[in-house]
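Okay, so here's the structure we're looking at.
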Amino acid sequence: MSEEQTDSSGKQANAKDNISLCRRSYLKATAGGAALIATGSMVSAETQYDIINVSSGETYRKHLGDEESLENVLIDISAQGAEYDISASGNDWSIRNVGIRGHWDRTTNTDPFRLRVPDDDKTGVVENVHLGITTESDRSYGGGPSGMFVWRDHAGHIDIRGCYLNDYQDNGIYASAPGNPNSHPFPGSGGTVRIEDCYAHECGTSNFRLGTDGSSIHNSVSVGGWRGIWAFIEETDIYDSDILNSESGDIALGDGNYVESDTAEVALNNSRWGTEVAHGGATTDNIHATSVDTPQDRLPENCPSSPEEAASGESITESDSYLPEGDFEVEITTNSSLAEYLIEVDADEVIPGSDTNKDEDEYQDRAFERNGRWYIHGYTAGGVESYQIKDGQILRIGDFEESSIVTVAGQRLDLDTFDSITEVPNKETEDRDGDDILAKKIVVDGSNNDDVSNYTFKVTGEVEKNDTLTQVENSTAWDELPSDISDQRVIGIVGNGKNMYRYSGNVTVLRISGNATVRLGE
């Protein structure tokens, strides 16, 4: 376990891993039956998790380092003064299937659930967690704990998905510190956070608070609290979410303490909210989009409704049997690191969305057809890119980064369900008659010589001769000389002219006898 010191942002961490509690052994239920927890709550069949009853005045402490995990545990702090202290400070850690029930008695600001990933190419995951405690404070903000706090020196990426937060009197998810400007006494490291399928209710200062480019909120619900979603610094992207009944503003942006907060922005897609508010020099003109409908108080799919449900893992919906067909939209998301994606689709048509990069540069996003199949290929870094599929189904998916997400109609796909594709097919071009030909070309050029050259080459894909090649004046026409194509191998002769072939794949063999030159190109 990793030891921690006082954080330079002023947030207090504990020095060691120390558990003071009454531990009950694993609760195990068998198929066809149910197990009864001491409080009388029921756990459904085939579930297994630890129950930790924290004694009065004691604290359950759990600190995670690199590649460590906390899973399938129910922490009960119902006893007077009982508390928990959970932190993850390392790379590639995970917190899954955790429920906390009971009552938080202190009325001072504190952060009992703290997160960071120090390396910019590493990740952390918080999934299926229910923080449904009640608190002693009845203030609308301040005077109590935060739900989850992300340290200012978080540099990597954290996925927080399927989490329920209730009545935390600081921020629900407090993740703006990594965006602290250089003028802050402790500048942030710029790490990103993705919030997905989460529900936050009456969480004081704000329900969700973000502050770094590349951070985003997806299919989540904010109800009540002083602010709903607070975009503190930089840009926050929001998708398919509902924000309602906040006292100050459903969407808030900016802060009066830092000039950098004046340019805070919020970009929304297919989301619903009511009121808006800006702080400091920020303006609500930087809230891009309008509400598409009346916001709804709903529990997102894959979000647990109780601590027991979270600990058991019952709220996680398995998606490996979900194979979309017909007309649907594919959304592709990765963390803030640049990542390439590739998907093969059997469809009538695939249309790139407005959020894709259509510029003809090295990071172009595109959909193209090849030999009766459609391919989606592109690059993304923290945003969401979408494609409309017409009467189709997904066949194969490339090897995505671990933090990458592919969703269809809000349903996250299990990428392991699909066969793998590792190479981007050549994009088709058209010849002057509009017929499909292969993208790469090889030209055997003897136009500056008086002799005849013999050549042979072999490719890994398909190859065909280009019959429309214009010959050099007074040259020996290449189509009057012997040429043979069989089993991806070409044998030919060129005089004072040029022979050209179109091919796919790669050239693996190339031999030439004579003074002709060979050029490869697109």
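The values are calculated or read from the model by the stated rules, or taken from the named source; none is laboratory data. Treat the numbers as computed from the prediction; the structure is a model and nothing was measured. In this analysis, Cβ positions are derived from the backbone assuming ideal geometry, glycine residues included, and neighbour counts consider all displayed protein chains. The accessibility values were calculated without ligands, DNA or RNA, using every heavy atom of the protein model including side chains. Shrake-Rupley method; radii C 1.70, N 1.55, O 1.52, S 1.80 Å.
Listed conditions (1) over 24 Å from residue 223 (Cα atoms); (2) of a type outside the set (Gly, Ala, Ser); (3) in contact with a Ser or Thr (Cβ under 6 Å, 6 or more places away or on another chain) are all met by residue 328, apart from (3).
Within the stretch 80-118, the set of residues being hydrophobic (A, V, I, L, M, F, W, C) and modelled with pLDDT of 95 or more comprises 82, 86, 88, 93, 95, 98, 100, 113, 115, 117. If you scan the stretch 71-107, which residues turn out to be more than 11 Å from residue 53 (Cα to Cα), open to solvent by 10 Å² or more (accessible area, probe 1.4 Å) and in a strand (DSSP E or B)? Within the stretch 71-107, 71, 72, 85, 89, 94, 96, 97, 103 meet the criteria.
Across the stretch 394-414, the qualifying residues are those that are under 14 Å from residue 331 (Cα atoms) and open to solvent by 30 Å² or more (accessible area, probe 1.4 Å), and the one among them that is modelled with the lowest pLDDT is 410.
Of all the numbered requirements in (1) surrounded by fewer than 16 Cβ atoms within 10 Å (Cβ to Cβ); (2) modelled with pLDDT of 90 or more; (3) among the hydroxyl-bearing types (Ser, Thr, Tyr), residue 306 misses one, and that requirement is (1). Number of residues in the stretch 109-120 that are assigned to a strand (DSSP E or B) and open to solvent by less than 10 Å² (accessible area, probe 1.4 Å): the value is 3. Scanning the stretch 121-164 for residues that are more than 21 Å from the chain's Cα centre (by Cα), surrounded by 24 or more Cβ atoms within 10 Å (Cβ to Cβ) and not in a loop (DSSP other than H, G, I, E, B) turns up 130, 131, 145.
Just name the residue that is farthest from residue 213 (Cα to Cα) out of those in the stretch 359-390 that are modelled with pLDDT of 85 or more and among the polar types (S, T, N, Q). Only one residue tops the list, namely 388. Among the residues of the stretch 451-465, those that are open to solvent by less than 60 Å² (accessible area, probe 1.4 Å) and out of contact with any Phe, Trp or Tyr (no Cβ under 9 Å at 6 or more places or on another chain) comprise 451, 453, 455, 456.
With 467, 479, 484 as the choices, which residue is assigned to a strand (DSSP E or B), at pLDDT below 70 and either over 11 Å from residue 446 (Cα atoms) or of a type outside the set (Val, Ile, Thr) (or both)? None of the other options fit; the residue is 484.
When the stretch 251-269 is filtered for residues that are touching a strand residue (DSSP E or B) at 6+ places or on another chain (Cβ under 6 Å) and open to solvent by 60 Å² or more (accessible area, probe 1.4 Å), only 269 remains. All of (1) over 27 Å from residue 330 (Cα atoms); (2) open to solvent by 10 Å² or more (accessible area, probe 1.4 Å); (3) modelled with pLDDT under 95 hold for residue 237 with one exception: (1).
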